[in-house]
1. Given R₀ = 41 Å, FRET efficiency for Asp61-His271 by Cβ-Cβ distance, to 0.05?
2. I want to check the label-to-label distance for Ala124 and Ala16. Put each point 7 Å from Cα in the C-beta direction and report it in nm to one decimal.
3. Can you classify region 47-105 as rounded, prolate or oblate using the Cα gyration tensor, where a ≥ b ≥ c are the square roots of its eigenvalues, rounded means a/c under 1.5, and otherwise it's prolate if a/b beats b/c and oblate if not?
4. For the chain, find the longest principal axis of its Cα atoms and tell me its angle to the long axis of helix 21-30, 0 to 90°, nearest 10.
5. Sort 29-36, 253-260 by packing, meaning the average of other beta carbons within 10 Å per residue, with the highest value first.
6. Taking K and R as +1 and D and E as -1, what net charge do the other residues with C-beta under 14 Å from the C-beta of Ile130 add up to?
7. Simple spin-label model, 7 Å along Cα-to-Cβ: His68 to Val235 in nm?
8. Once the Cα atoms of helix 120-142 and of the chain are each reduced to a long axis, what angle between those two axes, in degrees from 0 to 90 to the nearest 10, is obtained?
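Nothing in this text is a laboratory measurement; each read-out follows from the coordinates by a stated rule. Bear in mind the structure is a predicted one, so any value in this text is a computation, not a measurement. Backbone-built Cβ (ideal geometry, glycine too); neighbour counts: all protein chains shown.
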Amino acid sequence: MINRLAAMALPADVPAFLRSEAAVNEIDWLGPEPDRWRLPADSELNAAQSPEHFIDLEPADALGPLPHRRLDFEAKVFAAGQRPEKIGLQPWEATEVWERLLVALREYRHLAATAGPTSPDILAAEQAAIFYAGWLGHYVGDGSQPLHTTVQYNGWTGPNPNGYTTAHEIHWQFEGPFVASNLHIAEIQPKMTPARAIEGDIFDGYVAYLRHTATYVERVYQLEKAGGFVGQGTVESREFTAERLAAGASMLRDMIYTAWLDSAKPVPDAHTAK
Ligand SMILES: [Zn+2]
């Protein structure tokens, strides 16, 4: 739903190939794509990419400011005697996939300006950009779920004065069956924010998005305690979940839009940049 809503809400100055019905359908299909990479049978892929779906901000922040580059973060984690796959790599993966989309859109602009309109290369570049946009959507969607940002990701741990659930069920109960049974595009769409370009550094903007999501961790547990994720839940739990899905869709739309705008900016040649 997040991928579909984002693609449907792209501003009119985004090229039509990204907003067509076929593109919306493909971006929708690609939403769960990284979850298709989680089979134990595909063992190397599963191991490498599973940590890209989440970040436990508490242990990550305990190591100091988040470095912009994945390998710098991983080096810090190893130096602290810890393992990156336990803490998570969400913001690096999301930023890197966004940059792939940016590159694809740059290529598209170049071809659109230099090749004929029936060039097969243009169609290929369009397909690449659609794929990256859909792939990106998975992580932005994960990033709207508070339980993807915390050590409290599936049952409360540590001191528990409010008596929150400690069962290892809340994560999937909330984002799986509860959403599937109770949330629809029609309730989410009106909660989306107006489209905007993301100003400043994309990694910083994405981390700010995750930190905002993380402010709702305890709220998820409060809603669960009130029966919010059983059956039809409560008015509050449905409102909250619709807002979270809308936040994910709005962020994904804005990231795709920003990639399109940024792809027009000139970049230094790969050889002179060194
Ligand atoms: Zn995921």
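1. 0.60
2. It works out to 2.4 nm between the two label points.
3. prolate
4. Tilt relative to the chain: about 50 degrees.
5. In descending order of packing, they fall as 253-260, 29-36.
6. -3
7. Taking the two extended label points, one gets 4.7 nm.
8. Tilt of helix 120-142: around 20 degrees.
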